[in-house]
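**Student:** My questions will all concern the structure given below.
The values are calculated or read from the model by the stated rules, or taken from the named source; none is laboratory data. Computed from a predicted model, the values in this text were never measured in an experiment. Counting neighbours? That spans all protein chains shown, and the Cβs are built from the backbone with ideal geometry, glycine included.
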Amino acid sequence: MHQLIGGQRRPGRGAEPLAVVEPATGDVLAEIDTASLADVDDAVAAANAAAPELERLSFFERADLLWATADRLEASAAPLAEQLARESGKALAAEAVDELAESADIFRLAAEEIKRLETHVLPSVDPRKRVFTHRKPNGVYALVTPWNFPMNIPAELLAAALAAGNPAVIKPSENAPLSALALAEAVAGAGFPIGAVSVVMGRGEVGQALVSHSGVHGVGFVGSQATAAAIVAAAGMKRTIIEASGNGPQIVFDDADLEAAADAAVFGAHFVSGQCCVATERLLVHDSVHDELVDLLVDRAGSVTLGDPLDDATLMGPLNNEVVAARMDDHVAGATAQGARVLLGGRREPDRPTGLYYEMTVIDDVTPAMDVFRHESFGPVIPVTRFGSDDEAFALANDSDLGLQASAFTASLSRAYRAVDELRTGTVLINEGTAFWEQHPPFGGASRTGTGWGRIGGKYTILDMTDLRTAIIDTG
């Protein structure tokens, strides 16, 4: 599988080819050659060459091309969804099909948002002068994207970049690069200028070279804390959008709808096999409803079908890679060694084609000192921690360096507003689980998840990817 550079598929000149392995079977899905530093140079050069033509397109012309991209994605939805399921491990019917549909919708949303971008006319101290603002493209974007949403996250960043008039070079995760490559081909086929999108594949050094490149003017990244730190260091003074990990708390107060709360927690743990930055990472439960809620959790979590991603009955596929599976092993073992109780699961399911099939897991009596509370597990686990008062609930929820999304279940309007005020996360959801988002509101984190690093979603990404400029004209 070759790189896409300047509108052409061509072999990468990197030293080492990589295998894309199906998590479900262990089979090699594809072999990709890797990009060299010279390939990165060529991709960035092609993007800069495309920039003037892309900027000259009117908003309506860009919108037409974004709609055409969405149409192309939908026309190939079935094979693209299957490829996505194979490379990521996602359940085809339950997850991959929806990801393809949402990716197409993201391009349509971007097409409409650019028609509504506002500029402002401002008063001047001099009546002979006219003052107004306008927006210009920021320049070439490096987009470094993860394996857990191999089509959706590249779509979010790429659609916004193109809508704003910015060419982009994508460096997808080496664990699941095929969907991003297909997305870029859909963009190229829709009629965007040659070089408006390229894809360079390889390991971390390819991303580092791309992000630090002098011909790149902005960076979009979604991924882990460790990689985010490296990206920020490499990017220097470039405009940067970062979303880096979550440790989402779901609070269940004593007046909550317990069935709805249990359903939300279980969905948040099995969606993408828990490998999602908005997963239910910590379930905080009031003492008075603890036993009833835990019974509901075990019942519902035990009914989640773990299996072959291509089987329509499967709700949860395997984990994507051994690194994630080993972290799950460590978190479960560490919690039990410190006194927590595994009520369901807690192990890799035996007699599967690979060791990546991890059972739905419920752990009770979790304390804030345990790794499973303090750190993102990124797997299908629900750690349950008790609280006795509202103050304690909010303190536990905020006891994390990460702050992407938080959830609270309550029948009290005053508690709901207090949650919105006090929870230190980019998004607060009331009577909805953490694993919920929409395409048009701003999505991003507080604390180390993404403070100061822009937002993803609708017009907000487009605005972050443009330069706001001021014009002052003396009319004489």
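**Student:** When both residues are 6+ apart or on different chains and their Cβ atoms are under 6 Å apart, which pairs have a first residue that lies in the range 396-422 and is in contact (Cβ under 8 Å) with a residue 12 or more places away in the chain, and a second that is part of a helix (DSSP H, G or I) and crowded, with 19+ Cβ neighbours inside 10 Å?
**Tutor:** Taking only residues 6 or more apart or on different chains, the pairs are Ala406/Ala397; Ala408/Ala419; Phe409/Ala261; Glu422/Phe394.
**Student:** Now for a separate question. Looking at the range 69-98, which of the residues that are of a type in the set (S, T, N, Q) and under 15 Å from Asp27 (Cα atoms) is nearest to the chain's Cα centre (by Cα)? Lay out the reasoning, then the answer.
**Tutor:** Start the filter on the range 69-98 by keeping residues that are of a type in the set (S, T, N, Q), which leaves 69, 76, 83, 88.
Okay, now just the ones that are also under 15 Å from Asp27 (Cα atoms), so 83, 88.
Details: Gln83: 19, Ser88: 14 Å.
It comes out as Ser88.
**Student:** Restricting to the range 264-287, name every residue that is surrounded by 24 or more Cβ atoms within 10 Å (Cβ to Cβ) and more than 25 Å from Leu92 (Cβ to Cβ).
**Tutor:** Glu281, Arg282, Leu283, Leu284, Val285
**Student:** Output the residue which, of all residues in the range 253-263 that are in contact with a strand residue (DSSP E or B) (Cβ under 8 Å, 6 or more places away or on another chain) and in a helix (DSSP H, G or I), is surrounded by the most Cβ atoms within 10 Å (Cβ to Cβ).
**Tutor:** Step one: filter the range 253-263 for residues in contact with a strand residue (DSSP E or B) (Cβ under 8 Å, 6 or more places away or on another chain), giving 253-254, 256-258, 260-261.
From the residues that got through so far, the ones that are in a helix (DSSP H, G or I) too are 258, 260-261.
Details: Leu258: 18, Ala260: 14, Ala261: 26.
Looking at residues that are in contact with a strand residue (DSSP E or B) (Cβ under 8 Å, 6 or more places away or on another chain) and in a helix (DSSP H, G or I), I get Ala261.
**Student:** Considering the range 413-454 alone, what residues qualify as being out of contact with any Gly (no Cβ under 9 Å at 6 or more places or on another chain) and at pLDDT below 95? Let's see the steps before the verdict.
**Tutor:** Filtering the range 413-454 for residues out of contact with any Gly (no Cβ under 9 Å at 6 or more places or on another chain) gives 413-422, 428-432, 452.
Within the range 413-454, just Gly452 meets the criteria.
**Student:** Residues that are crowded, with 24+ Cβ neighbours inside 10 Å, out of contact with any Ser or Thr (no Cβ under 6 Å at 6 or more places or on another chain) and closer than 22 Å to His375 by Cα: does the range 330-340 have at least one?
**Tutor:** First, the residues of the range 330-340 that are crowded, with 24+ Cβ neighbours inside 10 Å: 331-332, 335.
Those left that are additionally out of contact with any Ser or Thr (no Cβ under 6 Å at 6 or more places or on another chain): 332, 335.
Add one more test, that the residue is closer than 22 Å to His375 by Cα, and what stays is 332, 335.
Yes: one or more hits.
**Student:** Still on this structure: Just for strands (runs of 3 or more DSSP E) wholly inside the range 152-248: which have at least 1 residues that are at negative phi, crowded, with 21+ Cβ neighbours inside 10 Å and within 15 Å of the chain's Cα centre (by Cα)? Please lay out each step first, then the result.
**Tutor:** On the way: elements: 168-172, 197-199, 218-223, 239-244.
Counting at least 1 such residues, we get 168-172, 218-223, 239-244.
**Student:** Can you report the number of residues in the range 126-145 which are in contact with a Ser or Thr (Cβ under 6 Å, 6 or more places away or on another chain) and either surrounded by 24 or more Cβ atoms within 10 Å (Cβ to Cβ) or of a type in the set (A, V, I, L, M) (or both)?
**Tutor:** Qualifying residue count, the range 126-145: 1.
**Student:** Give Gly6, Gly12, Gly26 a once-over and let me know the one that is touching a helix residue (DSSP H, G or I) at 6+ places or on another chain (Cβ under 7 Å), on the phi > 0 side of the Ramachandran plot and of a type outside the set (S, T, N, Q). Explain how you work it out, then say what you get.
**Tutor:** Details: Gly12 fails: on the phi > 0 side of the Ramachandran plot; Gly26 fails: touching a helix residue (DSSP H, G or I) at 6+ places or on another chain (Cβ under 7 Å).
It is Gly6.
**Student:** Within the range 308-320, how many residues are more than 17 Å from Phe267 (Cβ to Cβ) and buried (at least 18 other Cβ atoms within 10 Å of the Cβ)?
**Tutor:** 5
**Student:** Here is a follow-up. Return the residue satisfying two criteria in turn: it lies in the range 405-426 and is of a type in the set (A, V, I, L, M) and touching a Pro at 6+ places or on another chain (Cβ under 9 Å), and of such residues it is surrounded by the most Cβ atoms within 10 Å (Cβ to Cβ). Step through it out loud before you land on a result.
**Tutor:** Filtering the range 405-426 down to residues of a type in the set (A, V, I, L, M) leaves 406, 408, 411, 413, 416, 419-420, 423.
Filter once more, keeping what is touching a Pro at 6+ places or on another chain (Cβ under 9 Å): 406, 408, 423.
Values: Ala406: 31, Ala408: 29, Leu423: 23.
For the range 405-426, the residue satisfying everything is Ala406.
**Student:** How many residues, within the range 324-377, are without any contact (Cβ under 8 Å) to a residue 12 or more places away in the chain and either among the acidic types (Asp, Glu) or touching a Cys at 6+ places or on another chain (Cβ under 8 Å) (or both)?
**Tutor:** Count: 1.
**Student:** Do you know which of the residues in the range 336-362 that are farther than 17 Å from Val294 by Cα and among the aliphatic types (A, V, I, L, M) is farthest from the chain's Cα centre (by Cα)?
**Tutor:** Residue satisfying both the conditions and the ranking: Ala337.
**Student:** Which residue, of Lys115, Lys136, is among the basic types (Lys, Arg) and free of Cβ contacts under 8 Å to residues at least 60 places away in the same chain? Give the derivation first.
**Tutor:** Working: Lys136 fails: free of Cβ contacts under 8 Å to residues at least 60 places away in the same chain.
Only one candidate qualifies: Lys115.
**Student:** Still on this structure, please answer the following. Are any of the residues in the range 243-255 of a type in the set (Asp, Glu) and within 26 Å of Ser36 (Cα to Cα)? Explain how you work it out, then say what you get.
**Tutor:** Of all residues in the range 243-255, those of a type in the set (Asp, Glu) come to 243, 254-255.
Still in the list and also within 26 Å of Ser36 (Cα to Cα): none.
Within the range 243-255 (the criterion being of a type in the set (Asp, Glu) and within 26 Å of Ser36 (Cα to Cα)), the answer is no, since none of the residues qualifies.
**Student:** Another one. From the list Asp391, Asp399, which residue is over 27 Å from Ala228 (Cα atoms) and either in a loop (DSSP other than H, G, I, E, B) or more than 17 Å from the chain's Cα centre (by Cα) (or both)? Working first, answer last.
**Tutor:** Details: Asp399 fails: over 27 Å from Ala228 (Cα atoms).
It is Asp391.
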